[in-house]
Amino acid sequence: MAPYDSVTADPGLPRPNPTHSYWQRIPHALADVQSPDLPGDQDIAIIGSGITGLAVAKTLLEHHPTATVTVLEARALCSGATGRNGGQMAANAGEQYSSLAESHGAETAGKIVDFTFRNLEKMQELIREYDAVELSEMQSLRKLRVFLTQGKFDEFKESIARLEAYHPSKRGLYTILDADTVVKDHGIHGTFGGALLPAGTVWPYRLVTRVFAALLEKYPNRLKLETHTPVESVEYTPSPAASNSYVLRTPRGPLRAGHVIHCTNGYSGHLLPKLRGLIHPFKGTMTVQDPGNSVPNRGAAFSWGFHYPPSCDPETKRVGYGLYYLGQSAKSGYFYFGGENARVDESVTADDSFVAEHSVDHLQSVLPKFFGRTNTSNWPLVSSWSGIMGESPDGLPIIGRLSSRLTGREGGGEWIAAAFNGYGMANSLMSGKALALMVLGKDVSSWLPIAYGLGERRLQETLTIPRAVAALSKL
Ligand SMILES: Cc1cc2nc3c(=O)[nH]c(=O)nc-3n(C[C@H](O)[C@H](O)[C@H](O)COP(=O)(O)OP(=O)(O)OC[C@H]3O[C@@H](n4cnc5c(N)ncnc54)[C@H](O)[C@@H]3O)c2cc1C
């Protein structure tokens, strides 16, 4: 395979034997839930049981009085990216503001900033509503973003200055810090400066499984969760004998539905071949590390992000993708640390059945240094795993109704919410809600950024395969 063919390759179905995510080490009671037989006809079939599938299901059940909803999941409940991520509830729209404003104009860029910060508030509201603050170890805190080169820091400051100039209501959201303050007040070494912003951390698996369980209890006759039920194909076969026109083929038999909602993120291209390249899988690496007593536990107050210019090592061909992210459990003191250092062919894949040893070694070697520690003998690795994100060429989520041109099938009942580009906690909940309301015929254009949609201009100009390949070739 040529180096960038993997962008348009079939991601396949979720692998049946994923690496073990620390978040899922105690499976929820519903992890393997399924009905004795697949339900026959359903109003709505949702494919995927991550945070997006959850948000869609919850909104449909709450906003429609009778609709029947089945969530189909290839593996165990919430075993995709949501069950294997970094647990960071943080927005990145501030640092992206300049490039968003250049591509979409200041108004839309401002809407994206609003949407992501609002989504984070909604996450915290959801956690409180379902009495999951303790269970999900939610921590409301400030994120310290630091910059490992002067160029990155200058770029960031320029972006925030533009954000504040065009959107005065955003003044005060970010507090810029110089390098001395970053070391003196925060004990983080080797930076050119940083910034604080409101954020949080969460145990997403525990949150999502708790809410699914509550929905199942509240809507026992309208909601079905069918785990270990990979959808192998979707067909549009209207028939006078059936009220619903779509057939979803699974190893457990067919399911008929009136609408099909794809919440399959990095795997979307499998059932939607025309979307291959417009969404591609990207494999992420996570570690849990135990710093013991070598650094103070500040997990209740701070999370961290470390930004540097992406670059490729000419010898190993491994790419540093530009970001490490870190949270700390106030309870255990464990660090949850992720970030990519891998070859492009290792990263652009949907195979989370293994985690590259060199990527884990890299994460183990860089983290202590940020805290000024060189002796790491008391800093063991607790756990490591991989997970699959969904990336789009323009870095924005993809939310909306799929045209026949994109499904390759007739019928107007297929929808998608995917491609969260590593920032699902800042986007998925409200994106899923917006999509469900669209399915119910509601207008969400006042709050869903237009740039997340499937408009013709986006499909022609920014959501293109050459752009996806170019972004990777630059590394
Ligand atoms: C290592 C890693 C670290 C990350 N860190 C963060 C972070 O700290 N903060 C943050 O905001 N975001 C982070 N992300 C991204 C975030 O986890 C995702 O954006 C978010 O979870 C996407 O949710 P989702 O429901 O759309 O997708 P997923 O959670 O991936 O759910 C999709 C589901 O669809 C299922 N599926 C796919 N195809 C089929 C099929 N054909 N049939 C049946 N089921 C199918 C999959 O098994 C999966 O369970 C990270 C991701 C990874 C991988």
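Laboratory data are not the source of any read-out in this text; all were calculated from the coordinates shown. Treat the numbers as computed from the prediction; the structure is a model and nothing was measured. Neighbour counts run over all protein chains shown; Cβ positions are idealised from the backbone, glycine included.
Values for this structure:
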read-out	value
Listed residue (LEU163, GLY422, TRP23) projecting farthest to the positive dipole end of the chain, Cβ model	LEU163
Inter-label distance, nm, simple model (7 Å from Cα along the C-beta direction), ALA106/GLU125	2.9
Pair LEU13, ALA242: separation of 7 Å Cα→Cβ label points (nm)	1.9
Contour excess over end-to-end distance, with Cα ends at ALA300 and VAL133 and 0.36 nm allotted per residue	58.8 nm
Mean separation of Cα contacts under 8 Å, 6 or more apart, over the residue count of the range 202-346: relative contact order %	14
Of all DSSP beta bridges in the chain, antiparallel share, percent nearest 5	70
Relative contact order [Cα under 8 Å, 6+ residues apart], the chain, whole percent	24
√(5λ) per eigenvalue of the Cα gyration tensor, the range 333-414, largest first, Å	39, 13, 12
Rg in Å to one decimal, and Dmax rounded to a whole Å, for the range 8-61 via C-alpha atoms	14.3, 37
Taking N as its residue count, the alpha carbon Rg of the range 278-404 over 2.2 N^0.38 Å	1.18
Evaluated over the range 72-185, the Cα radius of gyration and Dmax, each in Å	17.0, 51
Among 307-313, 275-281, 260-266, the order from most to least packed when residues are scored by Cβ within 10 Å on average	260-266, 275-281, 307-313
For q = 0.13, 0.14, 0.16 Å⁻¹, Debye-computed log10 I/I(0) when each Cα of the range 131-275 counts as one equal scatterer	-0.86, -0.89, -0.96
Modelled FRET efficiency - R0 30 Å, ASP345 with GLU232, Cβ distances, 0.05 increments	0.70
Descending semi-axes in whole angstrom, ellipsoid equivalent of the range 8-132, from the Cα gyration tensor	30, 20, 17
Whole-Å distance, taken between Cα centres, linking the range 193-226 and the range 274-342	22
Cα-centred dipole magnitude for the range 66-213, charges only on beta-carbon of K, R (+1) and D, E (-1), debye, nearest 20	240
FRET efficiency, ARG142 to ARG252 (Cβ-Cβ, R0 60 Å, nearest 0.05)	0.80
Over 31 Å (Cα to Cα) - which of LYS274/LYS442; LYS170/LYS442; LYS157/LYS274; LYS152/LYS369; LYS111/LYS157 fall in this group	LYS157/LYS274
Average projection area in nm² (convex hull over Cα atoms of the chain, one quarter of hull surface)	21.4
Highest to lowest packing among 147-158, 321-332, scored as the average C-beta count within 10 Å	321-332, 147-158
